[in-house]
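Report on one structure; see the data block that follows.
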Number of protein chains: 2
Amino acid sequence: MDAARDAIGATAAEARALIRAGRWSGLTETLAQRFVHLAPVVVPADWVLPLLQFCIRNPSAGPILELLAPGDWETGLAPGGDIRTDVVRWQIWEAGRLTGEVTDLRPVWREDLVTVLLGTSHILAGPLKAAGISAETVDNPRPAIYRTALPTQPAGPLSGPHFVTVKFARPEEIATIFRVTGRYPAGHGAPIHAGDPALIGVDGVHPAFGFPLEVPAGRVPLFWPCGFTVLEALRAARLPWLACHAPGCTFIVDLPPERLSV
Amino acid sequence: MDAARDAIGATAAEARALIRAGRWSGLTETLAQRFVHLAPVVVPADWVLPLLQFCIRNPSAGPILELLAPGDWETGLAPGGDIRTDVVRWQIWEAGRLTGEVTDLRPVWREDLVTVLLGTSHILAGPLKAAGISAETVDNPRPAIYRTALPTQPAGPLSGPHFVTVKFARPEEIATIFRVTGRYPAGHGAPIHAGDPALIGVDGVHPAFGFPLEVPAGRVPLFWPCGFTVLEALRAARLPWLACHAPGCTFIVDLPPERLSV
């Protein structure tokens, strides 16, 4: 039995069960690939309105897929799941500083915590491959997040620049990538920029996460809005408490990405 | 000078100024047609999370375009505007009953009131006409809202059926209408149903608003999700206080609808 292949083909419920049982400790990118991967953001109730306001005003960075009531940890998108245990690794940020990484939020759970689930670029991968875009382009082997000079629309205490992810397209792939991803606003939609990274002020030398920017010969960099923008705005505002997924440790729900196309 | 033509061609800011000055007392459908018309919903702060949760879970009925902080009445979508005075007529609902209609919310304004702006089907009109759909189809002369048997996704105290609007398409218009409106989730997106109204349990004899359903010969009824669904869910939950626009009295913002296409 090929465990890696089984993991790729797992259902979302199987993937959550694996994670909950502590039997999956790595990144979730290759887990339950046919299903939607989301980015959970957990904040105290008095921060949820600014968070939602920021996401509503910057929907390409923070596409809201679900909002739970204060204290709730189960969503109809993942029946039987528990957001607190079904994420491989949580980061805890206090007053803008990383103060811990945990595999289980239950010990620190409080009735005033509100969970928001944001779409991720993982939602684009299946539709792009189905449209014939090469795996090398879709699964960029040098994933990264870069700060840009593009401002977001502020919302109360939240503001800051857009951060972006990147894929390197063959010239003949560009139009298809724009067309296909534009149908998935829940996956950050179409690229925010194509071509010269300097035009949007990308700092490719100092990635916020991942690899420095190196555009392979014959390729065009395409840049996407990114949920990191939302997290950075929260952290910059030094909110007292925030839990978010460690990079690459998404929450997997029972939707296929195609359900989210417009 | 043709006042009606001037009104159609007015900018959003001019339209808001007309309304604020009490110089426009009718429906806003023909006012500032090149701009986005939104449906404002104002609730006490302790009802805003369920309202947002319901809209996030039923985005085709309640596409969220803006959220204001408690007590705020100005949005970046309408600089210089005041949501309280720039709507022709507000309805006030208390515990699920209509208790008043006012042209100015300022006398009853409170610091705990939160405004959410939802997209409306008006957003679809310009793009549909630009795509060659006849004005007779787009501007249905028998507008109405009907209850259906389609359930919404509940959110805390909020639940209930979907309500729908209708347009009557020529057979050769149907595909274009689906294609064009699908690009505008902010305008309720593509139809939720085409053809036999009985299949979704439409009660065409007793419209919730407007005309009984009569499908003209040679036409196919297309049904759209509708913000009325959100208002009915709120009213059914008997929230203590709610302000919403009187039917046809939208809040006009500085965006052209094309900016909202995906």
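When chain A is described by a simple charge dipole with +1 on each Lys and Arg Cβ and -1 on each Asp and Glu Cβ, the residue from A:THR152, A:GLN53, A:GLY22 located farthest towards its positive end is A:THR152.
Annotation: extensible slack from A:ASP82 through A:ALA69 equals 3.3 nm (criterion: 0.36 nm per residue apart, minus Cα-Cα distance).
Computed from the C-beta positions of B:HIS206 and A:ARG5, the FRET efficiency with R₀ = 51 Å rounds to 0.35. Sorted largest first, the spans of the alpha carbon positions of chain B along the three principal axes are 52, 50, 32 Å.
When the alpha carbon coordinates of the range B:1-96 are projected onto the principal axes, the ranges are 48, 27, 25 Å, largest first. About the centre of its Cα atoms, the range B:37-144 shows a dipole size close to 360 debye [charges on the beta carbon of Lys, Arg (+1) and Asp, Glu (-1) only; nearest 20 debye].
By the count of neighbouring beta-carbon atoms within 10 Å, fewest first, A:THR229, B:THR137 end up ordered B:THR137, A:THR229.
The label point for A:VAL108 and the one for B:ARG179, both projected 7 Å from the Cα toward the Cβ, are 5.1 nm apart. Under the Kirkwood approximation for Rh and a Cα-based Rg, what ratio Rg/Rh is obtained for the range B:200-262? Result for the range B:200-262 is an Rg/Rh of 1.03. Take each residue of peptide B:49-55, count the partner chain Cβ atoms within 10 Å of its Cβ, and average: the result is 4. For the range B:122-230, relative contact order (Cα pairs under 8 Å, six or more residues apart, normalised by length) works out to 35 percent. In plain terms, the bigger the Kirkwood radius, the slower the diffusion; for the protein assembly as shown, with that radius from Cα pairs, at 37 °C and 0.692 mPa s, Stokes-Einstein puts D at 136 µm²/s.
With its label point defined 7 Å out from Cα along the Cα-to-Cβ axis, A:GLY195 lies at 4.6 nm from the matching points of the other copies, in increasing order. For the range B:242-249, just list the computed ³J(HN,Hα) in residue order, Karplus coefficients 6.51, -1.76 and 1.60, θ = phi - 60°, integers in Hz, with x standing in for Gly and Pro. Each residue's phi maps through the Karplus curve to give 8, 10, 9, 6, 5, x, x, 10 Hz. Taken over the Cα atoms of the range B:70-165, the convex hull encloses 180 Å³ per residue.
Using Cβ point charges alone (K and R +1, D and E -1), the dipole size of chain A about the Cα centre works out to roughly 300 debye.
Cα convex hull, the range A:80-232: 145 Å³ per residue, rounded to a whole number. For chain A, averaging the sequence separation of C-alpha pairs within contact (under 8 Å, six or more residues apart) and dividing by the residue count gives a relative contact order of 31 percent.
Among B:ARG57, B:ARG238, B:ARG142, the residue with the largest mean-square fluctuation in a Gaussian network model of chain B, with springs joining Cα atoms closer than 10 Å, is B:ARG142. Evaluated with a Cβ-only charge set (Lys, Arg +1; Asp, Glu -1), the protein assembly as shown carries a dipole of roughly 360 debye about its Cα centre, given to the nearest 20. Cβ-to-Cβ counts within 10 Å put B:VAL262, A:VAL166 in ascending order as B:VAL262, A:VAL166, the fewest first. Each of B:PHE54, A:PHE209, A:PHE228 has some number of other Cβ atoms within 10 Å of its Cβ, and from fewest to most they run A:PHE209, A:PHE228, B:PHE54. Summed over qualifying helices (DSSP H, 4 residues or more, each -39500 (n - 2.57)) and divided by its residue number, the protein assembly as shown shows a 222 nm mean residue ellipticity of -6000 deg cm²/dmol.
Here the simple spin-label model places points 7 Å from the Cα toward Cβ, and for A:LEU27 and B:ALA135 these points are separated by 5.6 nm.
Put a dot 7 Å past the Cα of B:ALA95, heading toward its Cβ, do the same for A:SER159, and the two dots end up 4.4 nm apart. Peptide B:60-68 is shielded by partner chain Cβ atoms: per residue, an average of 3 of them sit within 10 Å of its Cβ.
Each other copy holds its own label point for B:GLY96; taking that point as 7 Å from Cα along Cα to Cβ, the gaps run 4.8 nm, nearest first. Across identical copies of the chain, A:ASP82 has label-point separations of 5.2 nm, listed in ascending order, with the point defined 7 angstrom from Cα along Cα→Cβ.
Bear in mind these aren't lab numbers, they're just calculated from the coordinates by the rules spelled out. Please read all numbers here as calculations on a predicted model, not as lab measurements. We place every Cβ from the backbone using ideal geometry, glycine too, and count neighbours over all the protein chains shown.
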